[in-house]
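Asks: After the structure tokens below, expect a handful of questions from me.
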Amino acid sequence: MLDTATLEHNKPNQRSKKAVKPGSDAGTVTLHWLTVISLIVSLLTGLRISADGLTNHWAAALDPILPQGEIWTWHIAASITLIASTAAYFIYVRRAVLGARNAPSRLKTLTPPTTSRLRWRAINVALHWFAYAAILALTVTGIALYLGYASLFLTLHTWLAWAMLAYIAIHSLTHFLYGGIAQLLRLFRPEPLLESFQTKVWPFGIAMIVAITTAAAAVGLDWTTRPTITALAITSTPTLDGVLDEPFWAMAETATIETHQGANLGGTGSSSVSIKATVNEDTIHFAFLWQDPTRSLMRSPVVKSDDGWRVISTGAAQADVNDYYEDKFAVLFSLNDQLGGGGSTYLGKDPLPNYPKSPHQRGLHYTDDGRILDLWQWKSSRGGMLGYVDDMHFGPPLKATPAQEQGKKRYAAGYTSDPGKAIYEYNYIADGANGYDSPVRLKRLPRDLAAMRLALGRLPRGADGDNAEGSKWWMTRDDSVPYHPALDAAIPIGTVLPTTLNIHQYNGDRADLSGGARWRDGIWTLEVSRKRDTGSPYDMAFHKGRTIYVWLSVFDHNQTRHTRHQRPVTLVIPN
């Protein structure tokens with residue numbers, strides 16, 4: 001927010017005696033409004049992003065006035081514009097010899113002896129220096145977040161955003177108290193700059209050149225420093241066991257990125273993720289490693305209570321479970337490097353008018369231009385520990401089913417599986433009020449309850465507990481039987497059962513991926529293989545010489561609150 005409180009070039013002795021309405025030089029007016037608009041856009045879009053957080057209740061309270069849709073592009077573009085306009089302002093003030101406006105010496109009039117008008121002028125000067133420092137701090141913390149470093153930077157960035165919102169209101173008020181409505185209206189009355197012998201040549205033009213150069217440098221620095229790997233050409237095939245003991249994995253290039261703003265992960269919401277890639281004549285292989293303090297395999301288990309079987313997890317009706325859930329990992333491939341995961345992320349309660357809202361009302365994934373983005377999702381208990389990875393995609397919004405229109409089933413817009421069948425289904429039917437307020441009806445029961453308890457291993461203490469190595473939080477057709485009331489009656493109250501049934505076989509396009517995963521000492525390692533070109537319109541073709549953009553997301557025992565990063569990993573397929 002640029003200074004307009006004391007534009008000394010408009011002194012009465014520099015004007016005709018005829019009364020005129022005060023204005024401001026055109027350079028200040030232009031840069032002021034460029035800064036104001038970019039600041040407001042960056043703040044509102046930033047608060048929309050913040051409102052997606054699990055505990056950011058203040059930002060969520062502003063939901064009705066926050067923008068919706070593909071927010072990330074607007075946020076980053078506005079932030080770059082804010083940085084550029086601020087740099088231009090400093091150049092403009094220096095070349096136009098307007099530095100006296102905010103000279104620190106004017107702060108002396110904060111204390112007596114002084115007049116009320118001089119005191120408000122000093123307060124305005126102090127507020128402007130605060131704004132400059134805050135914009136600088138927002139820039140530093142914003143860059144850190146963009147590069148993937150969260151933790152303290154995220155906290156500081158959030159508080160600075162709130163401080164700048166307060167500043168806008170206080171800034172306007174103090175200008176009014178300094179000079180009334182006339183002072184505020186000066187920003188709507190541009191005038192020529194009154195030059196003196198000290199004025200440098202072309203102050204506004206040079207300032208705009210600096211703004212454009214600053215913005216171009218920011219974009220260019222981003223493009224030239226993105227994490228990039230070239231897939232290593234090999235002649236052999238890895239064993240998909242999550243061990244990475246083949247020599248070629250040590251030779252393959254590695255890109256490591258910081259992902260953040262997820263749920264859990266020891267309370268940090270952040271995870272460091274690494275990616276490697278190798279190719280042979282017809283197959284591509286990936287290795288992914290990510291931080292996760294616990295091995296979590298329990299996907300919304302049920303416990304037997306006095307009135308029946310109840311889902312333990314909270315948030316299941318909203319597709320927003322963050323306690324008793326399985327670990328997951330997602331990889332998104334696109335030929336487009338647009339922000340927001342290739343332009344597939346739309347935030348807000350209702351970002352897609354005339355379609356149902358998502359049950360968690362946090363946003364939807366889809367594309368608005370007909371593109372298909374290949375999505376691989378590893379789900380630990382739903383086939384993940386058995387060597388399967390679910391082949392999915394983001395595409396145009398799908399037509400809602402009657403059940404989705406009525407809110408009985410989750411609507412996910414363009415997020416859906418490839419054609420075919422998965423290995424899993426769920427072992428319950430939730431048909432109570434809101435789906436989960438009443439007991440659920442089970443489809444199958446353990447064939448041998450004692451053997452099932454042994455397979456589950458020790459029950460973790462709390463949602464953040466660790467599932468034992470080798471534990472099996474799913475049932476197969478061989479170790480389960482169809483539900484029968486008599487069998488249910490023999491199961492004691494307090495018994496916990498898994499709700500994943502791995503009783504089918506993957507087929508169709510959905511069966512294109514093979515994988516193997518292992519958790520050890522706080523690190524998941526996942527290996528995935530797929531044909532370089534499946535011929536499916538839903539799959540990325542890894543052609544020779546192609547450049548592909550990759551996004552990686554970690555789900556630590558939660559359903560939809562994955563980690564994120566904005567700068568994609570650039571994957572180059574060798575010729």
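Asks: Kindly indicate the residue of the stretch 53-81 that is in contact with a strand residue (DSSP E or B) (Cβ under 6 Å, 6 or more places away or on another chain) and not β-branched (Val, Ile, Thr) and also nearest to Leu352 (Cα to Cα) among those meeting that condition.
Replies: Gly69
Asks: Quick check, is Ala166 without any contact (Cβ under 8 Å) to a residue 60 or more places away in the chain and loosely packed, with under 12 Cβ neighbours inside 10 Å? Give the steps one after another, and end with the answer.
Replies: Numbers: without any contact (Cβ under 8 Å) to a residue 60 or more places away in the chain: yes; loosely packed, with under 12 Cβ neighbours inside 10 Å: yes.
Considered against the rule, which asks whether it is without any contact (Cβ under 8 Å) to a residue 60 or more places away in the chain and loosely packed, with under 12 Cβ neighbours inside 10 Å, Ala166 comes out as yes.
Asks: Here's something else I'd like to know. Can you report the number of residues in the stretch 182-197 which are within 21 Å of Pro22 (Cα to Cα) and open to solvent by 50 Å² or more (accessible area, probe 1.4 Å)?
Replies: Selection size over the stretch 182-197: 9.
Asks: Related question: Determine the pairs where a residue that is under 16 Å from Ile83 (Cα atoms), located within the stretch 110-139, has a partner that is at pLDDT below 90 and among the aliphatic types (A, V, I, L, M) with Cβ atoms under 8 Å apart, the partner being 6 or more residues away or on another chain.
Replies: Note: pairs meeting the criteria are His128/Met1; His128/Leu2; Ala131/Met1.
Asks: In the stretch 327-352, how many are under 17 Å from Ala51 (Cβ atoms) and either of a type in the set (Gly, Ala, Ser) or surrounded by fewer than 19 Cβ atoms within 10 Å (Cβ to Cβ) (or both)?
Replies: Qualifying residue count, the stretch 327-352: 4.
Asks: Out of all the residues in the stretch 302-322, which are more than 28 Å from the chain's Cα centre (by Cα) and under 28 Å from Ile523 (Cα atoms)?
Replies: Of everything in the stretch 302-322, just one residue is more than 28 Å from the chain's Cα centre (by Cα) and under 28 Å from Ile523 (Cα atoms), namely Val302.
Asks: With the requirement that a residue be touching a residue at least 40 places away in the same chain (Cβ under 8 Å) and not in a loop (DSSP other than H, G, I, E, B), what does the stretch 454-479 give you?
Replies: Result: Leu456, Met475.
Residue-by-condition table, conditions (1) closer than 22 Å to Trp474 by Cβ; (2) surrounded by fewer than 19 Cβ atoms within 10 Å (Cβ to Cβ); (3) out of contact with any Ser or Thr (no Cβ under 9 Å at 6 or more places or on another chain):
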| position | (1), (2), (3) |
| --- | --- |
| Ile312 | yes, yes, no |
| Ala316 | yes, no, no |
| Tyr325 | yes, no, no |
| Asn354 | no, yes, yes |
| Lys357 | no, yes, yes |
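Asks: Considering only the stretch 25-142, give the helices (runs of 4 or more DSSP H) lying wholly within it that have at least 1 residues that are polar (S, T, N, Q) and open to solvent by less than 60 Å² (accessible area, probe 1.4 Å). Explain how you work it out, then say what you get.
Replies: Details: elements: 26-51, 57-61, 71-95.
Hits in the stretch 25-142: 26-51, 71-95.
Asks: Can we say Gly179 is touching a residue at least 24 places away in the same chain (Cβ under 8 Å) and open to solvent by less than 70 Å² (accessible area, probe 1.4 Å)?
Replies: Yes.
Asks: Mind counting the residues in the stretch 548-575 that are within 21 Å of Ile76 (Cβ to Cβ) and free of Cβ contacts under 8 Å to residues at least 40 places away in the same chain?
Replies: Matching residues across the stretch 548-575 total 0.
Asks: Consider only pairs whose beta carbons are under 6 Å apart and that are at least six residues apart or on different chains; among these, list those whose first residue lies in the stretch 241-267 and is in a loop (DSSP other than H, G, I, E, B) and whose second residue is basic (Lys, Arg).
Replies: Qualifying pairs under 6 Å: Gly242/Arg518; Ala252/Lys276; Thr254/Lys276; Gln261/Arg564; Gly262/Arg561; Ala263/Arg561.
Asks: Residue check: is Glu425 more than 15 Å from Ala316 (Cβ to Cβ), among the charged types (D, E, K, R) and open to solvent by less than 70 Å² (accessible area, probe 1.4 Å)?
Replies: Numbers: more than 15 Å from Ala316 (Cβ to Cβ): yes; among the charged types (D, E, K, R): yes; open to solvent by less than 70 Å² (accessible area, probe 1.4 Å): yes.
Yes: the conditions hold for Glu425.
Asks: Tally up the residues in the stretch 198-239 that are closer than 30 Å to Lys544 by Cα, open to solvent by 40 Å² or more (accessible area, probe 1.4 Å) and without any contact (Cβ under 8 Å) to a residue 24 or more places away in the chain, please.
Replies: Final tally of qualifying residues: 4.
Asks: So which strands (runs of 3 or more DSSP E) are wholly in the stretch 376-429 and hold at least 3 residues that are in contact with a Pro (Cβ under 7 Å, 6 or more places away or on another chain) and either of a type in the set (S, T, N, Q) or within 22 Å of Trp519 (Cα to Cα) (or both)?
Replies: Once the strands (runs of 3 or more DSSP E) in the stretch 376-429 are filtered for at least 3 residues that are in contact with a Pro (Cβ under 7 Å, 6 or more places away or on another chain) and either of a type in the set (S, T, N, Q) or within 22 Å of Trp519 (Cα to Cα) (or both), nothing remains.
Asks: A further question follows. Here's a check for you: in the stretch 528-547, which residue that is aliphatic (A, V, I, L, M) and in contact (Cβ under 8 Å) with a residue 12 or more places away in the chain is most open to solvent (accessible area, probe 1.4 Å)?
Replies: Restricting to residues being aliphatic (A, V, I, L, M) and in contact (Cβ under 8 Å) with a residue 12 or more places away in the chain, the top hit is Met540.
Asks: Restricting to the stretch 46-76, name every residue that is free of Cβ contacts under 8 Å to residues at least 12 places away in the same chain and under 21 Å from His260 (Cβ atoms).
Replies: The answer is Thr55, His57, Ala60.
Asks: For the stretch 296-349, how many residues are over 24 Å from Gly470 (Cβ atoms), of a type outside the set (A, V, I, L, M, F, W, C) and in a loop (DSSP other than H, G, I, E, B)?
Replies: The number of residues fulfilling the criteria is 12.
Asks: Scan the stretch 388-411 and give yes if some residue there is surrounded by fewer than 17 Cβ atoms within 10 Å (Cβ to Cβ) and under 29 Å from Glu527 (Cβ atoms), otherwise no.
Replies: Within the stretch 388-411 (the criterion being surrounded by fewer than 17 Cβ atoms within 10 Å (Cβ to Cβ) and under 29 Å from Glu527 (Cβ atoms)), the answer is no, since none of the residues qualifies.
Asks: Restricting the search to the stretch 429-454, which residues are open to solvent by less than 30 Å² (accessible area, probe 1.4 Å) and farther than 13 Å from Trp474 by Cα?
Replies: Those that are open to solvent by less than 30 Å² (accessible area, probe 1.4 Å) and farther than 13 Å from Trp474 by Cα: Gly432, Gly435, Val440, Leu442.
Asks: Follow-up question, since we're still on this one. Just to verify a result, which residue in the stretch 364-387, among those that are open to solvent by less than 10 Å² (accessible area, probe 1.4 Å) and small (Gly, Ala, Ser), is farthest from the chain's Cα centre (by Cα)?
Replies: In this case the residue turns out to be Gly383.
Asks: Something else now. Can you say whether Gln261 is touching a strand residue (DSSP E or B) at 6+ places or on another chain (Cβ under 9 Å) and modelled with pLDDT under 95, as far as the supplied structure shows?
Replies: Values: touching a strand residue (DSSP E or B) at 6+ places or on another chain (Cβ under 9 Å): yes; modelled with pLDDT under 95: yes.
Yes: the conditions hold for Gln261.
The values are calculated or read from the model by the stated rules, or taken from the named source; none is laboratory data. Since this is a predicted model, take the numbers as computed values, not measurements. For neighbour counting, all protein chains shown are included, and Cβ atoms are generated from backbone atoms with ideal geometry for every residue, glycine included. Side chains included, ligands, DNA and RNA excluded: accessible areas come from the protein's heavy atoms. Shrake-Rupley method; radii C 1.70, N 1.55, O 1.52, S 1.80 Å.
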